Amino acid sequence: RSFQTQVPTVTTTSADFAFAFDIDGVLMHDTTPTPTATEALTLLQTSSVPFILLTNGGGHTEEARVNHLSHHLKHNIHKSQLVQSHTPLSPLSADENLNTVLVVGGESDNCRKVAHGYGFKNVIVPADVLAAYPAVSPFTIDKNPPHAHPLPENVKVDAVMVFNDPRDWALDIQLLIDVVMSDKGRLGTKRRADDDSPHVPLYFSNPDLLWANKYHLPRLGQGGFREAFVGVFRAVRKATGSRVRLTYEIIGKPHEKTYKYAEDVLWKWRQAQGVTEGVRTVYMVGDNPASDIEGANRFKSDRGVEWVSVLVKTGVWREGDNTNGAKSVVENVLEAVKWAVEREK
Ligand code: G3P
Ligand code: MG
């Protein structure tokens, strides 16, 4: 059920400050809104204060995600207001060197759909390799996932992108190692042990070691998967005597590339609403000191925008934990909005 396609124009001059809301642990716990989320967004809507959503989550198209969020939060949120973990990777689809990308993570065929929506032409996912070569992952039970596509002959992977949390770590770690240890990305080949040339580019889209869902303790995120992959890779490299050096790029909060991309999204969102003036301050409301708070505190805006970190108690952070220099620590997202509006008076 899609809510709205046209961008609502702002009828009154909107404020010269804005919000960037984290999702998991701030607005949502899995598919349940946090108790004050809807009221917080209503408060902003009535005072025409713009906001974007900035999440290390993903695995769905921006449109599908905002339709889901609009339904649960009872607010019309537009896809142009959403930055997911993999959204800042979308410009790479213009890179002619990336003919075939291996996209990892998420449910079913969702991440392939996301990659195609970004403009990547040839996208393969681990299920395609598994269906073509069932023995590639001895411990994966479902050898014929329904979303598998036929694997091209002699496929050469030009980049690997982890878009969302992998569901089968054994299969996905195995394939990442196979690609890194291959001869120039040709699946099923093995580089010479003394070949120390750079391997296929590898992107992780979310550094979160831990995140908050409905369970009462934080859960392992994509950062946990990456640590597991690096540990297994090191053991395989040692055992095989390979000289390949492992390099990869990590984006997502707290990394600067994601905050820069998010500020550009905020600017474009306001322009789409017919507001040409920028904002002086962005309040980053998050639940994770290592990502949301760290990123906002560290980010140096090219536009001179002040990013102010506000930590809520409804997610990863618990009383007694390090607040990592959050400018304010409040109970929930509504209190975060009220604190910021008061500060702007
Ligand atoms: O996978 C989602 C998790 O890493 C955290 O998402 O919305 O709290 O940045 P979020
Ligand atoms: Mg969070």
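Points to keep in mind about this one:
- Whichever aspartates and glutamates have a C-alpha closer than 14 Å to that of Lys300, once near sequence neighbours (fewer than 8 apart) are set aside: Glu256, Glu263, Asp264
- Calculated on alpha-carbon atoms, Rg and Dmax of the range 265-345 in Å: 13.6, 44
- Heavy-atom surface analysis with a 1.4 Å probe gives the chain a carbon and sulfur content of 53 percent of its accessible area.
- Rg/Rh (Cα only; Kirkwood hydrodynamic radius) as it applies to the chain: 1.00
- By average C-beta atoms within 10 angstrom, highest first, the peptides 218-225, 102-109: 102-109, 218-225
- A cut-off under 15 angstrom between Cβ atoms defines the neighbours of Ile23, and their net charge, with Lys, Arg +1 and Asp, Glu -1, is -3.
- Take every Cα pair under 8 Å whose residues are at least 6 apart in sequence, average their separation, divide by the length of the chain, and the relative contact order is 20 percent.
- Placed amide H near Asp165: partners under 5 Å, 5+ positions off or other chain: Gly106
- Solvent-accessible area per residue for the range 225-345 (1.4 angstrom probe, square angstrom): 47 Å²
- Karplus 3J(HN,Hα) series, Hz, for the range 279-287 with 6.51 cos²θ - 1.76 cosθ + 1.60 (x for Gly, Pro): 10, 7, 9, 10, 8, 8, 9, x, 10
- For the pair Asp302 and Arg245, the difference between a 0.36 nm per residue extended length and the Cα-Cα distance amounts to 17.2 nm.
- If you model the range 177-250 as an ellipsoid using its alpha carbon gyration tensor, with each semi-axis the square root of five times an eigenvalue, the axes come out at 30, 12, 9 Å, biggest first.
- Here the range 189-285 is assigned +1 on the Cβ of each Lys and Arg and -1 on the Cβ of each Asp and Glu. Its dipole about the Cα centre then comes out at about 360 debye.
- Across all Cα atoms of the range 18-105, the radius of gyration (one decimal) and Dmax (whole number) stand at 14.8, 47 Å.
- Basic side chains Lys and Arg get +1 at the Cβ, acidic Asp and Glu get -1 at the Cβ, and with that the dipole of the chain about its Cα centre reaches some 400 debye.
- Annotation: amide H-H contacts under 5 Å for Asn122 (H modelled 1.01 Å from N, sequence separation of 5 or more, or interchain): Val101.
- Per residue, the accessible area of the range 77-209 comes to 44 Å² when a 1.4 Å probe rolls over the protein heavy atoms.
- Partner aspartates and glutamates for Lys260 [C-alpha distance under 12 Å; skip if fewer than 8 residues away on the same chain]: Asp302
- Ratio of the Cα radius of gyration of the range 150-300 to 2.2 N^0.38 Å, where N counts its residues: 1.30
The values are calculated or read from the model by the stated rules, or taken from the named source; none is laboratory data. Here the structure is a predicted model, which is why all the values come from computation and not from measurement. FYI the Cβ positions are ideal-geometry reconstructions off the backbone, even for glycines, and counts take in every protein chain you see. All accessible areas refer to the heavy atoms of the entire protein, side chains included, with ligands and DNA or RNA removed. Shrake-Rupley method; radii C 1.70, N 1.55, O 1.52, S 1.80 Å.
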